[in-house]
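Before we start, here is the structure in question, set down as structure tokens.
The values are calculated or read from the model by the stated rules, or taken from the named source; none is laboratory data. This structure is a prediction, so every number in the text was calculated from the model and none was measured. Heads up, the Cβs are rebuilt from the backbone with ideal geometry, glycines too, and the neighbour counts pull from every protein chain shown. To get the accessible areas, we keep the full protein, side chains included, count just its heavy atoms, and leave off ligands, DNA and RNA. Shrake-Rupley method; radii C 1.70, N 1.55, O 1.52, S 1.80 Å.
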Amino acid sequence: MEVIRDWGLNIKAECGGALSCATCHVYVDKDWMDVVGAPSDEEEDMLDSVGDVRANSRLSCQILMSDALDGLKLTLAPSAAKD
Amino acid sequence: MSTEITTDVVVIGAGPCGLFAAFELGLLDLKCHFIDILDRPGGQCAELYPEKPIYDIPGFPVVTGQDLTDNLMAQIAPFAPEFHFNRMVNSIEKQEDGSFKLATDADEIFHAKVVVIAAGGGSFQPKRPPVENIEAFENKSVFYSVRKMDDFHDQDVVIVGGSDSALDWTLNLQPIVRSLTLVHRRAVFKAAPASVNKMQELVGEGKINFLTGQIGKLDGENGQINHVHLITDAGDLSLPATRLLPFFGLTMKLGPVADWGLELNDNTIKVDTEKFETSVLGIFAIGDINWYPGKLKLILSGFHEAALMARAAKAIVSPGERVVFQYTTSSTKLQKKLGVA
Ligand SMILES: Cc1cc2nc3c(=O)[nH]c(=O)nc-3n(C[C@H](O)[C@H](O)[C@H](O)COP(=O)(O)OP(=O)(O)OC[C@H]3O[C@@H](n4cnc5c(N)ncnc54)[C@H](O)[C@@H]3O)c2cc1C
Ligand code: FES
């Protein structure tokens, strides 16, 4: 999420990465789903508060960047875009 | 006729920084009224993370968002601040005599000599689900809260969400509606187990429906919905409905703060670092809503800002009165105000 924000993308990420807002919601590219992994239970609970969840939904603040994720492709969910 | 209230200071926002301002203002004998759109004090601490720990409040190795709020409420209790919840401040107008007139969406007028904006990241407002054209139906057939139960009488109601609000309203409305369908993206609910059980009983008895899915699209005209299209694992389906209640929690929107004619810096209000006064004399801004070079959006910064702001506010409310610097530890005058001497 920090990375997304540093790129100056239009992400809300209201709670600054504290897993309390779900406004950093992204869709993970299907080729990357296995590498990124599934959301935690707490993250699933937080995903309840957005209306556009898909099987590849993640809260980007909970994805830890690492070398393994170099090249990761994500799409910002409509619910996470600034209005 | 609107209700009119006259006071020394109106504080907009009862988050942690606003609450502490009532303490600093109280020590200087200034009376405060709080206005907040939420239904309880605490701002982000109470709404976004009541159970999460905070580790950087000076003197508290660890305190939860709710405990910090409760402690602040206890700390300011001697000054008997008054709280007006569930309303939004829409406008602030400067009067000829330098005082301010504030209007809320609950048809009240406040007159104050000083205004303190402690609006944090803005007012909390219901999250709007990302559904095309939903705005066209809002407050006519799509509602984010139940203000009047009567609006739902004999209606075909669809409730969306898995939170306590979604479950509570499912249970409360069921007896008066014509039909009720609860929709949630999964069969796991983050709500009181008793309500979940009760809801499942009603489903078992055939009194309500439960579907796993999400809203795709709304059909209707002139603000009145007639069908809710759902995207479910079993395919798309279209549900006849006359009322929709999405419950996706709250989000912060800057809201009317941006329209009050104050100098802004990218969604925050510019202040000086001596008094934390805005570009309008007599209007101060503290906490997350303000900006100055080096600003950190931390609760402790807001506490400091409140102390300095209070001195400047005192000079406006009681011009010419000398304010002596005193410690609460040693001043019996201050201790009397706190009710401990
Ligand atoms: C998950 C999370 C973790 C955090 N952890 C920490 C931490 O460890 N340490 C730390 O120092 N900070 C932390 N913060 C930040 C901290 O919560 C904020 O700095 C703090 O809440 C700001 O307080 P405030 O009083 O300025 O505003 P807020 O808490 O945002 O309260 C503002 C209030 O004003 C109301 N309001 C706004 N506009 C209007 C209007 N027009 N009419 C009526 N009411 C209005 C809002 O409804 C809200 O209740 C965290 C934040 C989050 C989300
Ligand atoms: S930034 Fe709030 S949950 Fe990720």
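State the volume of the convex hull built on the alpha-carbon positions of the range A:2-80, expressed per residue in Å³ and rounded to an integer.
In the range A:2-80, the Cα hull volume divided by residue count equals 85 Å³.
On to the next question. Taking the alpha-carbon set of the range B:128-248, what are its Rg and Dmax in Å?
Cα-based Rg and Dmax for the range B:128-248 come out at 13.2, 39 Å.
Can you give the percent of C-alpha pairs in the range B:210-341 whose distance is more than 18 Å?
That fraction is 71 percent.
Mind grabbing the interface size between B and A? I mean buried accessible area, both sides, 1.4 Å probe, in Å² to the nearest hundred.
1500
Which residue fluctuates the most in chain B, going by a Gaussian network model with Cα springs under 10 Å, if the choices are B:ALA307, B:ALA166, B:ALA234?
B:ALA234
Please identify the DSSP H helices in chain B that span no less than 18 Å along the helix axis (Cα) and have a mean Kyte-Doolittle hydropathy of 0.0 or more.
Within chain B the helices that satisfy the rule are B:299-317.
Now a separate question. So between B:ALA307 and B:SER91, what do we pick up on full extension, going 0.36 nm a residue minus the alpha carbon distance?
75.2 nm
Still on this model: In nm, to one decimal, how far is the B:PHE325 label point from the A:ASN56 one, both placed 7 Å along Cα→Cβ?
Placing both labels 7 Å beyond Cα along the Cβ direction yields 6.1 nm.
Rg to Rh ratio, the protein assembly as shown, alpha-carbon atoms and Kirkwood radius?
Radius of gyration relative to Kirkwood radius: 1.01.
Over what distance in Å are the Cα centres of the range B:193-240 and the range B:40-57 separated?
Between the Cα centres of the range B:193-240 and the range B:40-57 lies a distance of 33 Å.
Tell me, what is the 1.4 Å probe accessible area of A:VAL3, in Å² to the nearest 10?
About 50 Å², ignoring ligands and nucleic acids.
Right, another one. To the nearest 20 debye, what is the magnitude of the charge dipole of chain B about its Cα centre, counting +1 on the Cβ of each Lys and Arg and -1 on the Cβ of each Asp and Glu?
So the dipole magnitude of chain B works out to roughly 680 debye.
Another question about this same structure. Percent relative contact order of chain B, based on C-alpha pairs within less than 8 angstrom and at least six residues apart?
20
Rank these residues by their accessible area, most exposed first, probe 1.4 Å: A:ASP41, A:ASP52, B:ASP29.
A:ASP41, B:ASP29, A:ASP52
Shape call for the range B:172-238 from the C-alpha gyration tensor, a ≥ b ≥ c root eigenvalues: rounded (a/c under 1.5), prolate (a/b greater than b/c) or oblate?
In terms of gyration-tensor shape, oblate.
Please give me, ordered by residue number, the trypsin sites (Lys or Arg not before Pro) of the range B:133-175 that lie in loop per DSSP and have at most 11 other Cβ atoms within 10 Å.
Here the trypsin sites (Lys or Arg not before Pro) that fit, given the DSSP loop and packing criteria, are B:ARG147, B:LYS148.
Which of B:GLY122, B:GLY15, B:GLY204 moves the most in a Gaussian network model of chain B with Cα springs under 10 Å?
Maximum among the listed residues: B:GLY204.
Give, as a single signed number, the net charge of other residues whose beta carbon lies under 13 Å from the beta carbon of B:GLY42, with Lys and Arg counted +1 and Asp and Glu -1.
The answer is -4.
Let me ask something additional. Accessible surface of A:MET65 in the full protein assembly, 1.4 angstrom probe, to the nearest 10 Å²?
Result for A:MET65: roughly 110 Å² accessible.
Express the relative contact order of the range B:128-248 as a whole percentage, based on alpha carbon pairs under 8 Å and six or more residues apart in sequence.
35
Also, quick follow-up: Keeping every protein chain in place, order B:TRP291, A:TRP32, A:TRP7 by accessible area at 1.4 Å, biggest value first, i.e. largest first.
Descending accessible area places them as A:TRP7, B:TRP291, A:TRP32.
Would you kindly state how much longer the chain becomes between B:LEU264 and B:LEU281 on full extension, computed as 0.36 nm times their sequence separation minus their alpha carbon distance, in nm to one decimal?
4.6 nm
Can you compute the FRET efficiency between A:ASN10 and B:GLU132 using 1/(1 + (r/R0)^6), with r the Cβ-Cβ distance and R0 = 30 Å? Round to the nearest 0.05.
That gives a FRET efficiency of 0.95.
Summarise the partner chain shielding of A:52-64 as one whole number: the mean count of Cβ atoms from other chains within 10 Å of each residue's Cβ.
1
Given R₀ = 51 Å, what would the calculated FRET efficiency be for B:ASP233 paired with B:GLN335, taking r from the Cβ atoms and rounding to 0.05?
Computed FRET efficiency for B:ASP233 and B:GLN335: 0.20.
Please compute, for peptide A:16-22, the average count of beta-carbon atoms on other protein chains lying within 10 Å of each residue's beta-carbon.
Partner-chain Cβ atoms within 10 Å, mean over residues of A:16-22: 4.
Let a ≥ b ≥ c be the square roots of the eigenvalues of the Cα gyration tensor of the range B:27-166; is it rounded (a/c under 1.5), or, if not, prolate (a/b larger than b/c) or oblate?
Oblate shape, in that a/c is at least 1.5 and b/c is the bigger or equal ratio.
Okay, moving on. Once Rh for chain B is found with the Kirkwood sum over Cα pairs, what is the Stokes-Einstein diffusion coefficient at 37 °C and 0.692 mPa s, in µm²/s?
Translational D for this selection: 147 µm²/s.
Mind ranking A:VAL35, B:VAL146 by accessible surface for me, highest first, 1.4 Å probe?
A:VAL35, B:VAL146
While we're on this one: By how many nm would the segment from B:LYS148 to B:ASP164 lengthen if fully extended, with 0.36 nm per residue of separation less the alpha-carbon distance?
Between B:LYS148 and B:ASP164, full extension yields 3.9 nm more.
Take peptide A:42-51, look around each residue's Cβ out to 10 angstrom, count Cβ atoms belonging to other protein chains, and average those counts.
The shielding value for this peptide is 6.
Further question: Express the accessible area of chain B per residue in Å², computed with a 1.4 Å probe while the remaining protein chains stay in the model.
Averaged over the residues of chain B, the accessible area is 48 Å².
What percentage of the solvent-accessible surface of chain A, computed with a 1.4 Å probe over protein heavy atoms, is contributed by carbon and sulfur atoms?
Summing carbon and sulfur atoms, their accessible area is 50 percent of the total for chain A.
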